[in-house]
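Report on the following structure.
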Amino acid sequence: MAQAVAERVKEASTHQVRTQCTMCLNHCGIIATVEDGTVVRIDGDPDNTYSLGQACVKGRAGFFTLDSPHRVTKPLKRTNPEKGPGVDPGWVPISWDEALDLVAEKLKQVQKEDCRKLWFVSFDLVCPIEIPWALGFGTYVQPFSADLFCGNSVHPIAFLNAFAMGVTPDMPVTRYVLAEGGQFGAVGYRDTMRTTFETGRNREKIKVVSVDPSCGYGGGMADEWIPIRPGTDAAFLLGLVNVLINELGIYDAPFLKNLTNAPYLVGVDGQYVRDPDTRKPLIWDTAEGVAKPFDASLGDPAILGSYRVREQQVRPAFQVLAEQVRKYTPEEVSRITSIPAATVRRIAKEFGEAASIGSTITIDGEELPYRPASVAWYRGLSSHKHAYLNGFAVMLLQTIIGGLDVPGGLIGHHRYAYRATEDGLLTISDRPGPTHPTCPYPPRTVTLPTSIDLFELFPVACYSRPFAAKAITEPEKYKNVALQPKILLQRRSNMAFTGGGKEIMTEVFRKVPFIVSITSELEETTDFADVVIPGLHYLEDLQPRRGFVAYTGTKSAVFYGQKPVVKPPFDPPWDQLLSDGEILLELAKRAEFLDDVYAACNATWNLRPPYVLEPGKQYSYRELMDRMLKNMHGPDKGVDWYLKEGIIVRERSLKERYPGAYPKPRIHLYHEYMIDAGRQVEAMTRKLDIPWDTSDYMPLAEWRPCRAHTPKSPEFDLYLITAKAPYHAFTATGSNPFLKEVGDRLGYDCLLMHRDAAERKGLKEGDWVEAETDSGKKDRGRVKLTTGIHPEVTVVWGSSGRWAKAATQGGEAKGIHFNSLLTMDDEHMDFVSAAVDCCLRVKITKVEGN
Amino acid sequence: MSSLSANNHGSKGLISFFLDSQEEGTPKVPKYYTPSLLRHDSVISFPRNRKMFKSFSKTWEGILFCKFRLTSQSVRFKRNATLGMKVAVPYADRTYTYKRKGLAMARWGFTVDLERCVGCQTCVIACKVANGTPQNIHWMKVLEKKEENDYSYAKRTFVPVRCNHCENAPCVTSCPTGAIVKRADGIVYIDQDVCIGTMACMTACPYYVPSRWDGAEGYYKGKLTRYEEMKLKKFKKGTAQKCHFCYRRIDKGRPPACVESCPTQALSYGDLEDPESPINTLLKQKKHFQPRAELGTNPGLFYLTGKGGGKVGGMGQ
């Protein structure tokens, strides 16, 4: 295909560049065709085995905004002191020197006071300089923008059981995918369209079952769509676990006995029963009829039953689980979720049978365990009051069938190295400190909170950014312990839109004395900035990846990255502007912490001689990249090679691809560490007299109703949730006219509602309605009717309701801004994972047209 | 010399008409037999019937300007209202190329696998970018069909739609200027140079495919982007717009942009005349139907709906 693309191009003024798309978190490899100095088309990179030679609708449209009239071409300074959404900042252009000096001056002040008062927020960590720059300054970079709705139910549990940042079904090999609230197979966040590419290749071999309140795109492509009441997935999943264990007896006993903590004995207090001398957790060996330490030689570890140890009746963790899930009978699950009991039984049976427990498959000459059934999840389970427990529930299903990191099961991606703790359980050996997410086990010791987002009170969460908004806007509630930021520096992120809504974010921004945005277009957040510095479009930026990437159990891993395909449409502040990273380096130079940045580069990039950076010197960005690349790949692969070629495909060993098939420490079935972590949080928050809820610190998953499960009064009869469409992502796409046009045609800005619900309320297609939450938040939109939705549910698409001029093209803001309907009160926050509950209860009433 | 040279209104003009309006790199094959003669202000409308056509093509000029052999499928005679007489309305023909290469004549068709389509709209944008279509013009659309089923079994179906390149294309017969041309290999395209925007095709097409571009500002309501400046040059204001099967890519042996871009491989294309082609393999493997087959247009499009058999060429009936 690359040859065919190249064949089309004969003229000298046309050429192609292999680069990376950043329209979403997928970061597919793409080929940009350049004609007369501008990009005229984007295709997938057929040499990139990670993105499979494909580029989706967003990637293909991405180049169009290169010439956007909303591009920031000069540094800007605010003249209007009033800050608010849509309020004109009164920008005046200033010189680069003035802008950089102004920001550097503020940075120096903060450094004197407390480095951590720089709140540095970015998006996708694509810029290799960001992490060392923040470390060099003395703080952390916080990725994923407002981080409100990220993998709260994903990352901790993935670290725990797959020593990876996330997990994904082994699409080339699997046969059954249960997509639980995540539109997997059509569009799903971390993996946005990449999974779609892969599902497409294997479509006829896989049965995809989508369990989702909204049919959407995932349900539309699935073999079966099962509507579910929002916020009840844990009940459904635990119902499946109950049927599998207690009705069908389908679970991978050898795997559980030998590779998980299922046989660890648990006392009445819920904690491990430990050997009195060595403190090692005990296991009951049925072969000899005694309790032994976990690392003794065992005949047959018991996972069921009840045993007497030191005058205490104890049970293996799996027995505790089996008893705990009994209450999730299909009939009870049906009452909670609205899924018929027969369907619960049927799906459990299908999933269990598809898992083919005990079978093996030969790959590359080796026989490996074969479990071709996987459950996929992401946002749908993460944005809830009980998100952390949701993560437990879904991982439980995958764990009992023994389908982790083996062919056909869930495979970790973005892996870390692992080690065993003293209790013989798996953890990751380098806790990723410079940025989150972090591993929940062993839990961090709870200390007096000092960070902006009270992270110290979240010992098992991977991050706690939503609480930054709470701590900034309600400092007295949190006894003024949290750090109040002095500078907010944002690069390529739009917290005003992606945060907790207009009201709270306006308050947050107004409380930060100095805000700087490095951005390519003026958008919702720049309304609050004091200084705006021109940032580069992703097709103008030199940003190699920091390593290889591979998803699923595929053979190859790929290194590639972003390249400056075209020059930016403004005069660079110095010879050439190759990257946003150059701006950061210049700030470091003017604020006099450049040497610290170099030291941090040496550490985070593992630079070895002769590439080590020396203090006192001045390296250009290009040279830094050259050293980083050569250090990674060898002396012949520096920036010149990268700009010309810049892709390496390497083969992975079977152990790298399927580490679950090889001996390694036991993974978690029973989360005993939660008990002590919860006690520590309880003690600290009681000491500080901060209102806090530690009731979710439990060792096993449970379904608990969220606030929306029972309406406050009958007129709030509908749920309002949000969902993704494939042609919009975050705020990366809303100002792209191609994608906007497509979305407008399809009614992206509408409120999706079930026909029957509409009929009950006397609503017709296209009617204007007001949606009011039971917390009093309101917004208006037009109604679109469908039967592809749970009758109790309405949907607002994720990126609708943008109000920045770049997104509305100067017109009216269209659609409902979902986040502005959220309420970040204690009833709607998950105190274990810091998630924000996105199950809203709404009253929908007809209003006269706008 | 033949009668043509006596009325040699600039043979250079004729040659340049035939040849220079083509893209760089495409084979230098004349587009038409004789359309320029018909469209000049002169009253020559020559040749007037099939017999004259045949004898003309054997002359030196005929050979020079009409490098093909006449076949009965490659041209038809239609009464032209303006000229008040029958004129030759040709099919742009690749017969010459095919015969030279020893290939049998193809009939290009599409399949769309409704089981695989996820409604992502990638093909819509791929088509737009490949062809540079202006604002509001989509040669390819993906519809989100309203579901009529009972709630418990409700599903969404995403339906990619574009021109079906029908065998009996009503747009071709309805076009008064002969702007819509059906190639012998089945591809139907609109020659914008000829189209004057009567939109008879829009009324005639039972699939509501052609739309009209009345000219507009660019996407950014103001200055055109550099990309737009390059692409909008190819679009004539007021003309009918529709998918042309990416015929330039087809002629180079490449798939249409939509097919190439589909993330789930839901779109396929191929030669319906070739029993081994991918399209026929799919039609054999999966149940399928043609849109509005009862109208007799014999569209070159088959929607695949699931496992089950079919026949080669899709003529399952």
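Computed values, structure above
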quantity: Pairs with Cβ under 6 Å, 6+ apart, first in segment A:293-314 and over 12 Å from A:Asn258 (Cα atoms), second basic (Lys, Arg); calculated: A:Pro293/A:Lys280; A:Ser306/A:Arg315
quantity: Scan of segment B:225-234 for residues that are more than 7 Å from every other protein chain (Cβ to nearest Cβ) and either closer than 16 Å to A:Asn736 by Cβ or open to solvent by less than 50 Å² (accessible area, probe 1.4 Å) (or both), ordered by number; calculated: B:Glu228, B:Lys231, B:Leu232
quantity: Every pair of residues 6+ apart whose Cβ atoms lie under 9 Å, when the first sits in segment A:232-245 and is within 15 Å of A:Ser338 (Cα to Cα) while the second is of a type in the set (D, E, K, R) and surrounded by 24 or more Cβ atoms within 10 Å (Cβ to Cβ); calculated: A:Asp233/A:Glu180; A:Phe236/A:Glu180; A:Leu237/A:Glu180
quantity: Boolean, A:Asp88 is of a type in the set (Asp, Glu) and within 14 Å of chain B (Cβ to nearest Cβ); calculated: no
quantity: Boolean, A:Thr73 is touching a strand residue (DSSP E or B) at 6+ places or on another chain (Cβ under 7 Å), open to solvent by 10 Å² or more (accessible area, probe 1.4 Å) and either away from every other protein chain (no Cβ under 14 Å) or not hydroxyl-bearing (Ser, Thr, Tyr) (or both); calculated: no
quantity: Test for A:Leu52: is it at the interface with another protein chain (Cβ under 10 Å from one of its Cβ atoms), open to solvent by 10 Å² or more (accessible area, probe 1.4 Å), in contact (Cβ under 8 Å) with a residue 60 or more places away in the chain and touching a Phe, Trp or Tyr at 6+ places or on another chain (Cβ under 6 Å); calculated: yes
quantity: So A:Pro132, is it open to solvent by less than 20 Å² (accessible area, probe 1.4 Å), assigned to a helix (DSSP H, G or I), out of contact with any strand residue (DSSP E or B) (no Cβ under 7 Å at 6 or more places or on another chain) and of a type outside the set (Gly, Ala, Ser); calculated: yes
quantity: Given (1) open to solvent by 20 Å² or more (accessible area, probe 1.4 Å); (2) more than 11 Å from chain B (Cβ to nearest Cβ), index of the condition A:Gly801 fails; calculated: (1)
quantity: Qualifying residue in segment A:383-401 (condition: touching a residue at least 24 places away in the same chain (Cβ under 8 Å), open to solvent by 30 Å² or more (accessible area, probe 1.4 Å) and touching a strand residue (DSSP E or B) at 6+ places or on another chain (Cβ under 8 Å)); calculated: no
quantity: Subset of segment A:537-556 that is open to solvent by less than 10 Å² (accessible area, probe 1.4 Å) and aliphatic (A, V, I, L, M) - its residue that is nearest to A:Leu578 (Cα to Cα); calculated: A:Leu542
quantity: Candidates B:Cys171, B:Cys166, filtered to the one that is at pLDDT 90 or above, assigned to a helix (DSSP H, G or I), in contact with a Pro (Cβ under 7 Å, 6 or more places away or on another chain) and open to solvent by less than 40 Å² (accessible area, probe 1.4 Å); calculated: B:Cys171
quantity: Some residue of segment A:693-706 being in contact with a Pro (Cβ under 6 Å, 6 or more places away or on another chain), open to solvent by less than 20 Å² (accessible area, probe 1.4 Å) and either more than 17 Å from A:Thr399 (Cβ to Cβ) or of a type in the set (Val, Ile, Thr) (or both); calculated: no
quantity: Number of the condition not met by B:Lys237 [criteria: (1) farther than 19 Å from B:Leu143 by Cβ; (2) open to solvent by less than 30 Å² (accessible area, probe 1.4 Å)]; calculated: (2)
quantity: Residue check, A:Ala834 part of a loop (DSSP other than H, G, I, E, B) and either within 14 Å of chain B (Cβ to nearest Cβ) or free of Cβ contacts under 8 Å to residues at least 24 places away in the same chain (or both); calculated: no
quantity: Residue list for segment A:734-775, restricted to those being touching a helix residue (DSSP H, G or I) at 6+ places or on another chain (Cβ under 9 Å), small (Gly, Ala, Ser) and either within 13 Å of chain B (Cβ to nearest Cβ) or surrounded by fewer than 20 Cβ atoms within 10 Å (Cβ to Cβ) (or both); calculated: A:Ser735, A:Ser775
quantity: Residue in segment A:786-793 that is under 30 Å from A:Ser520 (Cα atoms) and not in a loop (DSSP other than H, G, I, E, B) present; calculated: no
quantity: Some residue of segment A:432-446 being over 30 Å from A:Lys479 (Cβ atoms) and not in a strand (DSSP E or B); calculated: no
quantity: Qualifying residue in segment A:707-718 (condition: closer than 30 Å to A:Tyr441 by Cβ, more than 14 Å from every other protein chain (Cβ to nearest Cβ) and either part of a strand (DSSP E or B) or touching a helix residue (DSSP H, G or I) at 6+ places or on another chain (Cβ under 7 Å) (or both)); calculated: yes
quantity: In segment A:165-182, the residues that are assigned to a strand (DSSP E or B) and of a type outside the set (S, T, N, Q); calculated: A:Met165, A:Gly166, A:Val167, A:Pro169, A:Tyr176, A:Val177, A:Leu178, A:Ala179, A:Glu180
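Per-residue answers, yes or no, for (1) farther than 30 Å from A:Ser356 by Cα; (2) in contact with a Lys or Arg (Cβ under 6 Å, 6 or more places away or on another chain); (3) not basic (Lys, Arg):
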site: A:Asp114; (1), (2), (3): yes, no, yes
site: A:Pro132; (1), (2), (3): yes, no, yes
site: A:Leu148; (1), (2), (3): yes, no, yes
site: A:Pro156; (1), (2), (3): no, no, yes
site: A:Leu178; (1), (2), (3): no, no, yes
site: A:Gly185; (1), (2), (3): no, no, yes
site: A:Lys205; (1), (2), (3): no, no, no
site: A:Gly219; (1), (2), (3): no, no, yes
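The values are calculated or read from the model by the stated rules, or taken from the named source; none is laboratory data. Since we're looking at a predicted model, the values are computed, not measured. All Cβ positions, even for glycine, are placed from backbone atoms using ideal geometry, and neighbour counts span all protein chains on display. The area values use the complete protein model at the heavy-atom level, side chains included, leaving out ligands, DNA and RNA. Shrake-Rupley method; radii C 1.70, N 1.55, O 1.52, S 1.80 Å.
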